[in-house]
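Here the structure is laid out as structure tokens; the discussion comes afterwards.
The values are calculated or read from the model by the stated rules, or taken from the named source; none is laboratory data. Everything numeric here is computed off the predicted structure, so don't read it as measured data. Because the Cβ atoms are built from the backbone with ideal geometry, glycine has one as well, and the counts that use them run over all protein chains shown. Side chains included, ligands, DNA and RNA excluded: accessible areas come from the protein's heavy atoms. Shrake-Rupley method; radii C 1.70, N 1.55, O 1.52, S 1.80 Å.
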Amino acid sequence: MITLTVNGTQHQVDLEPDTPLLWAIRDAVGLTGTKFGCGIAQCGACTVHVNGQAMRSCSVPIGGLDGANVTTIEGLSPDSKHPVQAAWLAEDVPQCGWCQSGQIMAAVAFLKQNPAPTDADIDAGITNICRCGTYERLRRAIHRAADLMKA
Amino acid sequence: MDGNRTTPILTRRHFIVTAATAAGGLMIGISAMPHLARAASVMGQPWNDDTAAAHEIDAWIVIDPDDSVLIRYQRSEMGQGSMTAVPMMLNEELQADWSKVRIEYASANRNHREKKIYGDQNSNSSRTINGSQVLVQKVGASARERLIAAAAAKWGVAATECASANSVVTHKPSGRTLRYGELAAAAATVKLDKEPAIKTPDQFTFIGKSQPRVDVVHKINGAAKFGMDAQVPGMVYAAVLQCPVPGGKLKSVDEAVVAGMPGNPVVVKLADAVAVAAEGTWWRARQALARLQPEWDVGEAGNTDSAQFFREYRAALDGPAKTARKQGDVDQAVPAGGKTFEAVYETPYLSHSPMEPLNATVHLQADRIDVWVGTQDAYEATEKVAKFAGLEAEQVYLHNSFVGGGFGRRDVSDEIAHAIAVAKVVKKPVKLIWSREEDTRHDKMRPMAVTRFKGVTGADGMPTALSIRTVAGSIVKAAGIPLPPNGVDFVAVAGLAGNGYASIPNVNVDYVMRDTHLPVWWWRAPGQNQNIFALESFIDEMATANGQDPYQFRRKMLAGKADWLAVLDAAAEKGDWGKPLPKGTGRGIAICDDAGSLCAQVAEVTVSPKGELKVNRVTVVMDTHYIVNPLSIAEQAEGSVIFGLSAALYGKIEVKNGVPVQGNFDTYRMVRLAQAPKIDVHLLASGGPKWGGAGEPAVPPLSGAVANAIFAATGKRIRSLPIMDHDLSGST
């Protein structure tokens, strides 16, 4: 039995320790905002925060996470008004939307480390794949979020 | 859902959230930010639990007494924005207050029961708007006139004295008003003497102004429900492994090896695959599947590889061919002072690779089946489900979801077939998910093609003859569409037999059908996505060898075609064509017509002395003839550039021993932010009889524009994709 605190709520997860966090979140905790894209930490669709750090949950076994604090897209803000979410909405970023939970979670963690990023910082720091190709708006949204967080 | 025999956890939730609109900017230069102004909404779960709502005007429109309006959208939302644009089109006639409009998917089940009241439900070929516009205008106009008739009857006045706007009917002489919410019940019973005429484009007042897409609010907080997000009580999870050589069969598998593994795994043998269903998590199913060592019957295909395919395709260039187009005589003598050209272009198989791997959740019962899936065609998928399940279409409840990327892949329903086959064995609800590797390797691929061009230019440097022969797989055949009498797959030659260059007096376009064991299917801008790369590159070869500017060369070839020239000229102007560039940097241009629209692009690239390629910027000009939602058209153009660029730079599915090699994003690479160019999009709306599509037309010109820019920067001609296979070092 592994104890995970997900978005502030404690869950006793009765799964094998090699179970990736992604499947614990989706199938055991029942939160489906975190997405499966590749299973090998390539695309970032499954990005969540573990103890404040962005992680690709498809490749993080829960065995090492007993007692961890996990934040998923559903727990990012109570009202969908986190500056990154507000910026995403204002720039109309998502298309199909499958990768966007991960993009947002990656951007939130990135902006903590880089509160005033350049385009080059963003290109180097956000490596999630978006097959719909929303990068133009995504880049603008990260700048906008940085501005919102400063304000 | 209709009925109550199943109780999905997916609850009906309404999210009313303020969203955005852009002020003006219909024509060129709409990349400005939308400002938050209007509200509209959709449910995070795009289908309704109960499609027979209390206050229906008709199957399409529900107006509640509080004036809230529900518009049912009949096709799919996979990011292309049509769930916003089609209801906008309907509301152009309905004249409801857009801030009070909610949208949900129309029920495919109801469409079957009610004689296709929603018409076709497919979202493919960039024709969601084109194929819906007349129908939804009629629906909106009819409802509006019935609301007006209901008001006129209440007041005892002539309907002609009444007008409607913003969800209010006004009696013009007296100034009296009634809200739509007060009229809906009466309007639902009104029978019009005749249906009203729909608006002509000069009468449009609502469409053409940017509206934020209604689905976006649910895609920033995890609320949007995709097929994979379905949760059905008692369901098990299934993973599947298909024969590594597509088309092969399962011979045998030892099921005993999964005994005792977590989740009580059950092995299910399918004709061409083996699946495992497990309780608790999909991971358990996948772990058990990984332990299986199935034996396959792969047949002769197991001895094939990509190099062999390309050799065979090249050889087929000199064999028999079908004629797609013939005009003049391409074999006449080369004019004095003329030049001849010959080049062969090659494009590989590609996988669609939507971000959401294929999946389906099914609950099969004796006289009913529920399916949760993201599909590009809910109506056709319903028919297929009925067949797979041995039920009638009326017994199929297909809950189409937000679609995590389609690009042409999501209308085959092979994933649903798997899920139903597993459900028949385990007799429980099943959520079946393909791994990324299954999704990539068992895609229905973009066909490979080998295309030979022979060209002649005259003393003035302009083409006098063009002979094209393409050897390519047949999507038309794969789709079961009868070939036309000339035996030519019209998709395989799309874009080759014309592309506006009618000024060439002597033209031959031939087609050689050649397939391998890899199945092929529609892939964003089918045919065009590879043919325009080849054609626009070859045009560039003829231009540059004659010392002509590629843009001016195309202008001359397009003489007299005002619509093409407007798009080409705008791209050249907005893309800074002709402005000086540093050494190692070049611009390329390409143009095409696709899905009823025109698109030209200028790409600017830099190639370092070490051969590193960077696409700096892409300018897109697109003429869709009419514009419903400029914002989502611009987004489609931006996305198409990236989609095309992934294919141009990295895209290839190779085959070794019959097996598709690339399986995941480590080897089937995608453009990420670091490779994403700056993109500026400019829209034109030239009117005319046709409504053009927006999802595809900006894909085909990209690879040609980039390849031509590489030539401008380096002098190296790219005649095969992907570009990463070419060594550009030392060329700048």
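Restricting the search to the stretch B:416-433, which residues are within 14 Å of chain A (Cβ to nearest Cβ) and surrounded by 24 or more Cβ atoms within 10 Å (Cβ to Cβ)?
B:Val430, B:Lys431, B:Leu432, B:Ile433
Is one or more of the residues making up the stretch B:509-518 in the same structural domain as B:Ala562 (by TED's automatic domain parsing), over 28 Å from the mean Cα position of the chain (by Cα) and in contact (Cβ under 8 Å) with a residue 24 or more places away in the chain?
No, the stretch B:509-518 has no match at all.
If I ask for residues that are over 14 Å from B:Met670 (Cα atoms) and within 7 Å of another protein chain (Cβ to nearest Cβ), which ones from the stretch A:99-122 would you list?
A:Gln100, A:Ser101, A:Ile104, A:Ile122
Could you grab me the full set of residues in the stretch A:124-136 that are facing another protein chain (nearest Cβ under 8 Å), in a helix (DSSP H, G or I) and open to solvent by 10 Å² or more (accessible area, probe 1.4 Å)?
Hits for the stretch A:124-136 are A:Ala124, A:Glu136.
Considering only the stretch B:280-303, how many residues are closer than 19 Å to B:Ile420 by Cβ and out of contact with any Pro (no Cβ under 7 Å at 6 or more places or on another chain)?
Number satisfying all stated conditions: 2.
Anything in the stretch B:608-628 that is surrounded by 24 or more Cβ atoms within 10 Å (Cβ to Cβ) and over 17 Å from the mean Cα position of the chain (by Cα)? List them, or say none.
Listed by number, the residues that qualify are B:Val615, B:Val618, B:Thr619, B:Val620, B:Val621, B:Asp623, B:Ile627, B:Val628.
Inside the stretch B:639-661, can you point out the residues that are open to solvent by 10 Å² or more (accessible area, probe 1.4 Å) and either touching a strand residue (DSSP E or B) at 6+ places or on another chain (Cβ under 8 Å) or in a loop (DSSP other than H, G, I, E, B) (or both)?
B:Ala647, B:Leu649, B:Tyr650, B:Lys652, B:Glu654, B:Asn657, B:Val661 - these are the residues of the stretch B:639-661 that are open to solvent by 10 Å² or more (accessible area, probe 1.4 Å) and either touching a strand residue (DSSP E or B) at 6+ places or on another chain (Cβ under 8 Å) or in a loop (DSSP other than H, G, I, E, B) (or both).
Taking the stated definitions as given, is A:Leu89 within 25 Å of B:Val217 (Cα to Cα) and not small (Gly, Ala, Ser)?
It is true that A:Leu89 is within 25 Å of B:Val217 (Cα to Cα) and not small (Gly, Ala, Ser).
Looking only at the stretch B:69-103, which residues are under 18 Å from B:Trp47 (Cβ atoms), away from chain A (no Cβ under 14 Å) and open to solvent by 10 Å² or more (accessible area, probe 1.4 Å)?
B:Arg75, B:Arg102
Name the single residue that is farthest from the chain's Cα centre (by Cα) among those in the stretch B:324-377 being among the small types (Gly, Ala, Ser) and closer than 30 Å to B:Arg314 by Cβ.
Per the stated criteria, the residue is B:Ala333.
Regarding B:Ala256, is this residue assigned by TED's automatic domain parsing to the domain that holds B:Ala417, open to solvent by less than 40 Å² (accessible area, probe 1.4 Å) and part of a helix (DSSP H, G or I)?
No: the conditions fail for B:Ala256.
Just wondering, is there one or more residues in the stretch A:50-64 that are within 30 Å of A:Glu16 (Cα to Cα) and not assigned by TED's automatic domain parsing to the domain that holds A:Thr9?
Checked the stretch A:50-64: no residue is within 30 Å of A:Glu16 (Cα to Cα) and not assigned by TED's automatic domain parsing to the domain that holds A:Thr9.
Test B:Pro34 against the stated conditions and say whether it is open to solvent by less than 40 Å² (accessible area, probe 1.4 Å), under 17 Å from B:Val628 (Cα atoms) and modelled with pLDDT under 90.
yes
Do we have any residue at all in the stretch A:138-147 that's at pLDDT 95 or above and assigned to a loop (DSSP other than H, G, I, E, B)?
So far as the stretch A:138-147 goes, no, none of its residues is at pLDDT 95 or above and assigned to a loop (DSSP other than H, G, I, E, B).
I'm trying to understand the selection: among the residues of the stretch A:68-100, which are open to solvent by less than 10 Å² (accessible area, probe 1.4 Å), touching a residue at least 60 places away in the same chain (Cβ under 8 Å) and in a helix (DSSP H, G or I)?
Answer for the stretch A:68-100, where residues must be open to solvent by less than 10 Å² (accessible area, probe 1.4 Å), touching a residue at least 60 places away in the same chain (Cβ under 8 Å) and in a helix (DSSP H, G or I): A:Val84, A:Ala87.
Output the residues belonging to the stretch B:204-251 that are over 18 Å from B:His418 (Cα atoms) and of a type in the set (Ser, Thr, Tyr).
Answer for the stretch B:204-251, where residues must be over 18 Å from B:His418 (Cα atoms) and of a type in the set (Ser, Thr, Tyr): B:Thr205, B:Ser210.
Residues in the stretch B:189-205: is at least one buried (at least 20 other Cβ atoms within 10 Å of the Cβ), assigned to a helix (DSSP H, G or I) and at pLDDT 95 or above?
Scanning the stretch B:189-205, I find no residue that is buried (at least 20 other Cβ atoms within 10 Å of the Cβ), assigned to a helix (DSSP H, G or I) and at pLDDT 95 or above, so the answer is no.
When you go through B:Gly208, B:Gly181 one by one, which is the residue that is away from every other protein chain (no Cβ under 14 Å), in a helix (DSSP H, G or I), touching a residue at least 24 places away in the same chain (Cβ under 8 Å) and open to solvent by less than 60 Å² (accessible area, probe 1.4 Å)?
Exactly one residue qualifies, and that residue is B:Gly181.
Can you pull out the residues in the stretch B:402-412 that are assigned to a loop (DSSP other than H, G, I, E, B) and either buried (at least 24 other Cβ atoms within 10 Å of the Cβ) or within 14 Å of another protein chain (Cβ to nearest Cβ) (or both)?
B:Val403, B:Gly404, B:Gly405, B:Gly406, B:Phe407, B:Gly408, B:Arg409, B:Arg410
Does any residue in the stretch B:667-686 that is within 8 Å of chain A (Cβ to nearest Cβ) come within less than 6 Å, Cβ to Cβ, of a residue that is acidic (Asp, Glu) six or more places away or on a different chain, and which pairs are these?
B:Leu673/A:Asp123; B:Ala674/A:Asp123; B:Ile679/A:Glu136; B:Ile679/B:Glu638
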